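Participant: Here it is: the structure, laid out below.
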Amino acid sequence: MHGIYQQWTDARKDGDKKFVVLIDPDKLRLRGLERVISLAMESEVDYFFIGGSLVVNDMLDGVLKSIREQCKIPMVLFPGNSFQLSYRADALLFLSLISGRNAELLIGKHVITAPFLKVSPLEIISTGYMLVDGGIQTTVQYMSNTTPIPHNKEDIALCTAMAGEMLGLKMLYLDAGSGAERPVSGAMIEAVSSATNIPLIVGGGIKTPEKVEENLKWGADIIVVGNAIEHHPELIKEMSCVFREFKPRFRTDAV
Ligand code: 1GP
C-alpha cells in the first residue's frame, strides 16, 4: 500500500474525494467509539484523524489500540500539542499554523519534536494549517492564541495558502475549528483550491451531507467531520454516500 500522502496526491489528481472521521480521544467514550468504528467500517470511511486541542485524559494510545484491533482504516494523528504522539498511528500531520503569527506553532514546537519524529515509524506529512473564523471562539483559537482568518477574506486565505505551498508544505488544511457555528465558506474553499496544487483538507462545523457535497464541489479534496458525528454517529452513513458520487468508477465521464 502506498504512503498516505501518495494516496492523497493521487486522489486529488483523480478527483477521488476522501472522507475523514475525526476522533477526539477525550470526547468519545468507549461505547461511542465502538459504534463509530463499526459505522466507519460499514461505510468505508477512508481515514481517521485522531486528536484534539486539549487531550486531558491519557486516552490516546488506548483509542489507537482499540481502532487497530477492530479495523484497518488508516489512523492519522492530528495533534493539538506536542504530547499527542503515538507510534501506534500510521501518520502524523506536522501542522504549521500559517494563518497565525505565533512563532511556537509556526516552527518552535516542530524543532523540539523533530528528533523524536525522525526516528519514529510515523509518516510525517507537513501541513499548512489555516484557522478561519467559525463564528464562535473555538478551543483551537483560544489555545493557539492566534487571530483566525476572517470568514469573508478569501484573499487572505488565498495568499496564505500560496505562501504555504511555495514554502514546500505538502498539504493545506482550512479549518473553522471544532464545533464552529459557521463552516469555511465555499468561496474561500474555491479560491484556495484553484490557486494551489496540493491536497486541500476542509473541516470545522460541517454537520450535514449537503454541506459535505457543497464543499467537495467547491474544491475540497478531503473532508473532516468530528463534532456532528460524536453527537449523531449515524451521519457517517449518510455522509459517506456523498463521497461515492465522486469516486472515479462511478462517474460516467471516467470511461
Ligand atoms: C476540527 O476540522 C475539525 O479541527 C472538525 O471539526 O469537530 O466541527 O467537525 P468538527
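Participant: Among the residues of region 130-160, which ones are away from the ligand (no atom under 16 Å from the Cβ) and either open to solvent by less than 80 Å² (accessible area, probe 1.4 Å) or in a loop (DSSP other than H, G, I, E, B) (or both)? If you could, list the steps in order and put the result at the bottom.
Facilitator: Taking region 130-160 as the starting set, the residues that turn out to be away from the ligand (no atom under 16 Å from the Cβ) are 145, 147, 150, 152-156, 158-160.
ASN145, THR147, PRO150, ASN152, LYS153, GLU154, ILE156, LEU158, CYS159, THR160 - these are the residues of region 130-160 that are away from the ligand (no atom under 16 Å from the Cβ) and either open to solvent by less than 80 Å² (accessible area, probe 1.4 Å) or in a loop (DSSP other than H, G, I, E, B) (or both).
Participant: Can I ask one more? Which numbered condition trips up ALA195, out of (1) free of Cβ contacts under 8 Å to residues at least 60 places away in the same chain; (2) farther than 16 Å from THR127 by Cα; (3) within 19 Å of the chain's Cα centre (by Cα)?
Facilitator: (3)
Participant: Would you pick out the residues in region 34-58 that are in contact with a Phe, Trp or Tyr (Cβ under 6 Å, 6 or more places away or on another chain) and either modelled with pLDDT of 95 or more or within 19 Å of ASN215 (Cβ to Cβ) (or both)?
Facilitator: The initial filter retains those residues of region 34-58 that are in contact with a Phe, Trp or Tyr (Cβ under 6 Å, 6 or more places away or on another chain), namely 45-46, 49, 51.
Passing the criteria: VAL45, ASP46, PHE49.
Participant: Can you report the number of residues in region 161-190 which are open to solvent by 10 Å² or more (accessible area, probe 1.4 Å) and either over 22 Å from THR138 (Cβ atoms) or in a loop (DSSP other than H, G, I, E, B) (or both)?
Facilitator: 15
Participant: Is it the case that ARG31 is touching a Lys or Arg at 6+ places or on another chain (Cβ under 9 Å) and more than 22 Å from VAL212 (Cα to Cα)? Walk me through how you get there before you give the answer.
Facilitator: On the way: touching a Lys or Arg at 6+ places or on another chain (Cβ under 9 Å): no; more than 22 Å from VAL212 (Cα to Cα): yes.
Judged against the criteria, ARG31 is not a match.
Participant: Still on this model: Considering each residue of region 120-129, count those that are open to solvent by 10 Å² or more (accessible area, probe 1.4 Å) and either without any contact (Cβ under 8 Å) to a residue 12 or more places away in the chain or within 16 Å of the ligand (Cβ to nearest atom) (or both), and give that number.
Facilitator: Within region 120-129, the subset open to solvent by 10 Å² or more (accessible area, probe 1.4 Å) is 120-124, 126, 129.
After this cut, where a residue has to be either without any contact (Cβ under 8 Å) to a residue 12 or more places away in the chain or within 16 Å of the ligand (Cβ to nearest atom) (or both) as well, the list is 129.
Here the count works out to 1.
Participant: For region 191-229, give me each residue that is open to solvent by 40 Å² or more (accessible area, probe 1.4 Å) and of a type outside the set (Gly, Ala, Ser).
Facilitator: Result: ASN197, LYS207, THR208, GLU210, LYS211, GLU213, GLU214, LYS217, TRP218, ASN227.
Participant: Restricting to region 191-219, and then to whatever is part of a loop (DSSP other than H, G, I, E, B) and within 19 Å of SER96 (Cα to Cα), can you tell me which residue is farthest from the ligand (Cβ to nearest atom)? Show your work before the answer.
Facilitator: Keep residues of region 191-219 that are part of a loop (DSSP other than H, G, I, E, B), which gives 196-199, 204-208, 219.
So of that shortlist, the ones also within 19 Å of SER96 (Cα to Cα) come out as 196-199, 204.
Values: THR196: 18, ASN197: 22, ILE198: 18, PRO199: 15, GLY204: 4 Å.
Applying the filter and picking the extreme gives ASN197.
Participant: While we're here: Quickly run through region 33-47 and pick out the residues that are open to solvent by less than 30 Å² (accessible area, probe 1.4 Å) and either more than 24 Å from GLU245 (Cβ to Cβ) or of a type in the set (D, E, K, R) (or both).
Facilitator: Those that are open to solvent by less than 30 Å² (accessible area, probe 1.4 Å) and either more than 24 Å from GLU245 (Cβ to Cβ) or of a type in the set (D, E, K, R) (or both): LEU33, ILE37.
Participant: Take the residues in region 232-254 that are at pLDDT 95 or above and open to solvent by 50 Å² or more (accessible area, probe 1.4 Å), then tell me which one is nearest to the ligand (Cβ to nearest atom). Explain how you work it out, then say what you get.
Facilitator: Within region 232-254, the first condition is being at pLDDT 95 or above, and the residues that meet it are 232-243.
Add one more test, that the residue is open to solvent by 50 Å² or more (accessible area, probe 1.4 Å), and what stays is 232, 234, 237-238, 241.
Working: HIS232: 11, GLU234: 15, LYS237: 16, GLU238: 15, CYS241: 18 Å.
Only one residue tops the list, namely HIS232.
Participant: Spot the failing condition for ARG244; the list is (1) free of Cβ contacts under 8 Å to residues at least 12 places away in the same chain; (2) closer than 19 Å to PRO150 by Cα, and only one is missed.
Facilitator: ARG244 satisfies all of (1) free of Cβ contacts under 8 Å to residues at least 12 places away in the same chain; (2) closer than 19 Å to PRO150 by Cα except (2).
Participant: Run ILE73 past the list (1) closer than 26 Å to LEU39 by Cβ; (2) within 16 Å of the ligand (Cβ to nearest atom); (3) surrounded by fewer than 20 Cβ atoms within 10 Å (Cβ to Cβ) and report the number of the one that doesn't hold.
Facilitator: Among (1) closer than 26 Å to LEU39 by Cβ; (2) within 16 Å of the ligand (Cβ to nearest atom); (3) surrounded by fewer than 20 Cβ atoms within 10 Å (Cβ to Cβ), ILE73 violates only (2).
Participant: Further, regarding this structure: Looking at this structure, is ILE236 part of a helix (DSSP H, G or I) and closer than 22 Å to PHE78 by Cβ?
Facilitator: Numbers: part of a helix (DSSP H, G or I): yes; closer than 22 Å to PHE78 by Cβ: yes.
Judged against the criteria, ILE236 is a match.
The values are calculated or read from the model by the stated rules, or taken from the named source; none is laboratory data. What you see is a predicted model; the values in this text were computed from it and never measured. Note that we place each Cβ from the backbone using ideal geometry, even for glycine, and neighbour counts take in every protein chain shown. Heads up: the accessible areas ignore ligands, DNA and RNA and are worked out on the full protein's heavy atoms, side chains in. Shrake-Rupley method; radii C 1.70, N 1.55, O 1.52, S 1.80 Å.
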